[in-house]
Amino acid sequence: MRHFLDLKDFTRDELSAMLAYGLDLRKSLKAGQAHETPLAGKHFGMIFEKQSTRTRVSFEVGISQLGGVPIVLSANDMQLGRGESIADTSKVLSGYLDGVMIRCLSHNTLMDLAKHASMPVINGLTDRSHPCQVMADLMTMLDIHGVIEGQIVTWAGDGNNVAVSWIEAAVIMGFELRIACPEGYEPPADIVAWAREQGAAINFYNDLNEAAKDAHVIVTDVWISMGDDEGTRVKDMTPFQVNDAVMAQAAPDAIFMHCLPAIREMEVTASVIDGKQSAVWQEAENRLHAQKAILAYCCGGVI
């Protein structure tokens, strides 16, 4: 049984194998060819404590394409909503399902679910990390630049859950990560310390233009995520908007990525997200293919 909880749990070879398998599945699908169905005869649950567009649709379609049966479970409609413990829920669902993905408010919920499960558990998003998203981002880097190791990736804005998964990816996959964020919005200190102990090239900047210089990838996220208090966030984040001036500092073949949903003219201008360097739609589609590889790895006995 193999969980998929955080990128730091895997080696470069393991993540590379998942990415390669996902790309092979995508190639077969686009060619109109039948691809492998390692989830045939399996039932896979999806628990949602938070709203979702990309995570829900990509996982539901991906499970079906791999031959499995997706079962959508809203936490509010389950006994979780009445106070049943995540441990009891995990034990019960393990008797019914062949695996589960959870998109939850607290990382502790994910870890408790995995601790008590006798089935694979996949992290579909927590307040701590978002590894499925960054797997899709890495796939997009491979698509466009053909390489991950040695690239320069600039993260702009809040040091949030997606930024944490980018830090873990930088350690495992061997690229330089520059984090441009306002004071007080840095990623958790423990993950930064861990990354530096591993010898990763993780650097912080107060100036986004400086951080973007010669970068191959510029990536950002919304300034106000679900559950965040707006407070002074917009004011604090304004100097870290990705705009044409920022993209002009990057390498000529640099791409822009965003996990979506995006608010144009806040964290990114329309000219960038809708411009020729934007890879966001390819990135969004790659959620499907990257997650199919993760599902196959965890539940399908392949890779």
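The values are calculated or read from the model by the stated rules, or taken from the named source; none is laboratory data. What you see is a predicted model, and the numbers here were worked out from it, not measured in a lab. So basically every Cβ, Gly included, is an ideal-geometry build from the backbone, and we count neighbours across all protein chains shown.
Quick notes on this one:
- Residue check for Val72: within 21 Å of Leu260 (Cα to Cα), under 23 Å from the mean Cα position of the chain (by Cα), hydrophobic (A, V, I, L, M, F, W, C) and at pLDDT 95 or above: no
- Picking from residues in region 64-75 that are of a type outside the set (A, V, I, L, M) and out of contact with any Asp or Glu (no Cβ under 8 Å at 6 or more places or on another chain), the one that is farthest from Gly301 (Cα to Cα) is Ser74.
Yes/no matrix, rows are residues, columns are (1) touching a residue at least 40 places away in the same chain (Cβ under 8 Å); (2) aliphatic (A, V, I, L, M):
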{"position": "Val192", "(1), (2)": "no, yes"}
{"position": "Glu197", "(1), (2)": "no, no"}
{"position": "Ala201", "(1), (2)": "no, yes"}
{"position": "Asp221", "(1), (2)": "yes, no"}
{"position": "Lys235", "(1), (2)": "no, no"}
{"position": "Ile255", "(1), (2)": "yes, yes"}
{"position": "Leu260", "(1), (2)": "yes, yes"}
{"position": "Val268", "(1), (2)": "yes, yes"}
{"position": "Ile294", "(1), (2)": "yes, yes"}
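- In region 65-96, the residues that are buried (at least 21 other Cβ atoms within 10 Å of the Cβ) and touching a residue at least 40 places away in the same chain (Cβ under 8 Å): Leu66, Gly68, Leu93
- Some residue of region 181-190 being more than 23 Å from Ile224 (Cβ to Cβ) and touching a residue at least 24 places away in the same chain (Cβ under 8 Å): no
- Flag if Asp214 is touching a residue at least 40 places away in the same chain (Cβ under 8 Å) and in a loop (DSSP other than H, G, I, E, B): yes
- Of the strands (runs of 3 or more DSSP E) contained entirely in region 14-127, not one carries at least 3 residues that are farther than 24 Å from Asn160 by Cβ and in the same structural domain as Met141 (by TED's automatic domain parsing).
- Some residue of region 192-205 being under 18 Å from the mean Cα position of the chain (by Cα), of a type in the set (Gly, Ala, Ser) and not in a helix (DSSP H, G or I): no
- Candidate set from region 128-160 (those that are assigned to a strand (DSSP E or B) and β-branched (Val, Ile, Thr)); member that is surrounded by the fewest Cβ atoms within 10 Å (Cβ to Cβ): Ile152
- Residue list for region 182-206, restricted to those being closer than 11 Å to Thr154 by Cβ and either crowded, with 18+ Cβ neighbours inside 10 Å or touching a Pro at 6+ places or on another chain (Cβ under 8 Å) (or both): Tyr205
- Any chance Ala163 is among the hydrophobic types (A, V, I, L, M, F, W, C) and in a helix (DSSP H, G or I): yes
- Number of positions in region 38-48 that are over 18 Å from His3 (Cβ atoms) and crowded, with 17+ Cβ neighbours inside 10 Å: 1
- Among the helices (runs of 4 or more DSSP H) confined to region 229-303, the ones with at least 2 residues that are charged (D, E, K, R) and under 15 Å from the mean Cα position of the chain (by Cα) are located at 280-299.
- Set His43, His3: member being more than 17 Å from the chain's Cα centre (by Cα), modelled with pLDDT of 95 or more and closer than 20 Å to Val121 by Cα: His43
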